[in-house]
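The values are calculated or read from the model by the stated rules, or taken from the named source; none is laboratory data. Computed from a prediction, not measured in an experiment: that's the story for all the values here. Reconstructed Cβ throughout: ideal geometry from the backbone, glycine too, with neighbour counts over all protein chains shown. Note: areas computed on protein heavy atoms with side chains; ligands, DNA, RNA excluded. Shrake-Rupley method; radii C 1.70, N 1.55, O 1.52, S 1.80 Å.
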Amino acid sequence: MEKRADLKSLLQYLPLVAQSSSLVWPPSVEQELQTMSRGPNKSMVNSGEVLALHITNMRKSLSLNASDLAPNPLKGYAIFFDKMISREESTKFFGEVVPALSGLLLRLPSMLEMHYQKTDHVLDGVKSGLRLLGPQEAGIVFLSQELIAALLACSFFCLFPEVDRRLKNLQRINFDDLFSFPSMSHCTKQENKIKCLIHYFERICRCMPTGFVSFERKVLPLEYNPHYVSYPEADHWAKSSTPLCSVEIHTSGAIEDQCGEALEVDFADEYFGGLTLSYDTLQEEIRFVINPELIAGMIFLPRMDANEAIEIVGVERFSRYTGYGPSFQYDGDYTDNKDFDTLRRRKTRVIAIDAIPNPGSTQYKTDSLLREVNKAFSGYLHQCKYQSDASFFQPNPLPSAKVSQVVESSKRWCIDHEEKIGVATGNWGCGVFGGDPELKIMLQWLAISQSGRPFMSYYTFGLQALQNLNQVIERVALQELTVGDLWSKIMEYSSERLSRRTRLGFFSWLIASLSA
């Protein structure tokens, strides 16, 4: 077991140890878990305070340093379970959920062994085992929902080693930050994020899901390769004759509520998951707590580079919510009725792409425009197109025999009829990231169109700056602009904006330019 390269890459970040070609818990940790699995009448784990003591014992048995945790997290378990939620809710959690999670963790070693035994056969020989999937390493990890649940249980009990994770550009993965309440009066956001996660654990302990989730690091090669679509330069965008795709505008609603099969954009941080496990609550973090299986990717997916995106297929939604930021609140159970694909993944497709934070006037420079449009392009370009259309933006098409070979390989994990799937997105890179919303929507439109997606479903979230978006889209469509035409307009506008020859927003400038 320990000789497997995939397991070896991640073993130091797991709480298990390799012993005689098997994965095991240290005996004292296994004993703690067995005790807790018998329920509060046997274990006496009936409060947050007692749970914190058992967590401390298990961490000591794993030789994990207390200094690796955020300040006062174990006190936070006592605050949440003993003061923030009702006694009835707390009793139910310690009577049903903690024993079930402990039993799940006792099975984690055998679950991982089974995972590695089967993983080579899931995608017809394509490597898909749990491993560190590093920068510039295009690949896919395929996990059962049950295995994800066990890994998230490790996070809840703070059992993952945190040492050296940052050296590999990996996020913190234990829940200690979440439970580090600064004070009882300033913790509403954290409380509601925890409530979403607690609800997830209640659901999976009541009825374990049986589907699968895939996590794919998508890389747009920086150097020209005749076998693949590579990173387009500015002149490639300018010369594109690809027609712009259709656009649907939604002034209300949320991306995750779209009822079709569109690729759903996660306004990501370069570190996958961003501040999900901290006290902040941005749009990305909301998505991660209502679809907690996304958090599992934080275990093995380091920071994204400028030419990378992360696509997740199959995550289940468990919670409803209201509000955003300070007003975010858990709002009860959600039943996910999405269909499954042939690989038993829910047909929920999430693409994580990170925008340049706080770009200011530099967002109008060619390098920034190119970085943003190519970042979006790397995410929206689907695998079948990515590897099959070698003439896409390329001067030298791939010989047909090679195309056939590459397409056959990529189809092993392409979703059914992916070429018919559009993109549901919104104000990516705006809000706290400070990007120009009028510019960002146009860059996304270019990337979606060039990637071969049939439509863009755009959610404005009521942003005032986009109130004239419909008219602008209609005008561009009337002029029958191509991707190359619109890119050239963006370049011209950005040049004028940088040189202060115009102070108009892009929409007003574009309408005037088209009228002229």
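Couple of notes before you dig in:
- Straight-distance candidates among the lysines for linking to Lys440, with alpha-carbon spacing under 20 Å and chain neighbours fewer than 8 residues away dropped: Lys365, Lys375, Lys489.
- Two-decimal Rg to Rh for the stretch 206-268 - Kirkwood Rh, Cα set: 1.08
- Scattering curve values for the stretch 28-177, log₁₀ I(q)/I(0), Debye with Cα scatterers, q = 0.11, 0.12, 0.22 Å⁻¹: -0.50, -0.59, -1.42
- Rolling a 1.4 Å probe over the protein heavy atoms of the chain, with every protein chain left in place, gives an accessible area that is 49 percent carbon and sulfur.
- Computed lengthening from Arg503 to Ser241, 0.36 nm per intervening residue step minus Cα-Cα distance: 91.4 nm
- For the stretch 200-253: accessible area per residue (Å², 1.4 Å): 48 Å²
- Coordinate range along principal axes, alpha carbons of the chain, Å, largest first: 80, 56, 39
- Accessible surface computed residue by residue for the stretch 313-362, with neighbouring protein chains in place and a 1.4 Å probe, gives 45 Å² per residue.
- Taking a sphere under 9 Å around the Cβ of Glu256 and counting the other residues whose Cβ falls inside, with K and R at +1 and D and E at -1, yields a net charge of 0.
- Here the contact order of the stretch 411-516, divided by its residue count and restricted to Cα pairs under 8 Å and six or more residues apart, works out to 26 percent.
- Expressed to the nearest 5 percent, the antiparallel share of DSSP beta bridges inside the chain is 60 percent.
- Helical contribution to [θ] at 222 nm, DSSP H n ≥ 4, -39,500 (n - 2.57), averaged over the chain, rounded to 500: -11500 deg cm²/dmol
- Packing order of peptides 452-459, 42-49, 232-239, highest average first: 452-459, 42-49, 232-239 (average count of other Cβ atoms within 10 Å over each peptide's residues).
- Applying 0.36 nm per residue to the separation of Arg107 and Tyr324 and subtracting their alpha-carbon distance, the gain on full extension is 74.4 nm.
- Peptides 196-202, 248-254, 486-492 ordered by average Cβ neighbours within 10 Å, highest first: 196-202, 486-492, 248-254
- Eligible lysines near Lys83 by straight Cα distance, threshold 30 Å, same-chain separation 8 or greater: Lys42, Lys60, Lys75, Lys92, Lys189, Lys193, Lys195
- Relative contact order %, the chain, counting alpha carbon pairs below 8 Å whose residues are six or more apart: 16 percent
- Angle of helix 469-478 to the longest C-alpha principal axis of the chain, folded into 0 to 90 degrees and rounded to 10: 40°.
- Kirkwood estimate for the stretch 236-279, i.e. one over the average of 1/r between Cα atoms, Å: 14.4 Å
- Prolate/oblate/rounded label for the stretch 457-502 (Cα gyration tensor, a/c 1.5): oblate
- The chain - charge dipole about Cα centre, Lys and Arg +1 at Cβ, Asp and Glu -1, debye rounded to 20: 560 debye
- Placing a label point 7 Å from the Cα of Ala477 along the Cα-to-Cβ direction, the residues of the stretch 227-255 whose backbone N falls under 16 Å of that point are 243-251.
- For the stretch 1-102, the average shadow cast by the Cα convex hull is 7.4 nm², which is a quarter of the hull's surface.
- 13 Å Cα-Cα reach of Lys239 towards aspartates and glutamates, excluding residues that sit fewer than 8 places from it in its own chain: Asp485
- Given charges at beta-carbon only (K, R positive; D, E negative), |dipole| of the stretch 108-161 in Debye: 80 debye
- When every Cα-Cα distance of the stretch 315-357 is counted in 5 angstrom steps from zero, the calculated P(r) takes the values 6, 16, 16, 16, 22, 14, 8, 2 percent.
- If you plug the beta carbon distance of Ser513 and Asp331 into 1/(1 + (r/R0)^6) with R0 = 45 Å, you get a FRET efficiency near 0.50.
- Between 0 and 90 degrees, the angle of helix 145-156 with respect to the longest Cα principal axis of the chain falls at about 70 degrees.
- Relative packing of peptides 4-12, 369-377 - highest average C-beta neighbours within 10 Å first: 369-377, 4-12
- Taking 7 Å steps out from each Cα toward its Cβ at Thr251 and Asp367 produces label points 4.0 nm apart.
- Cβ-Cβ FRET estimate between Ala234 and Ser21, R0 fixed at 56 Å, reported to 0.05: 0.55
- Distance between the pseudo-spin-label points of Ser63 and Lys347 (7 Å out from Cα toward the beta carbon): 5.0 nm.
- The distance linking the stretch 93-171 with the stretch 1-15 is 11 Å (Cα centroid to Cα centroid, whole angstrom).
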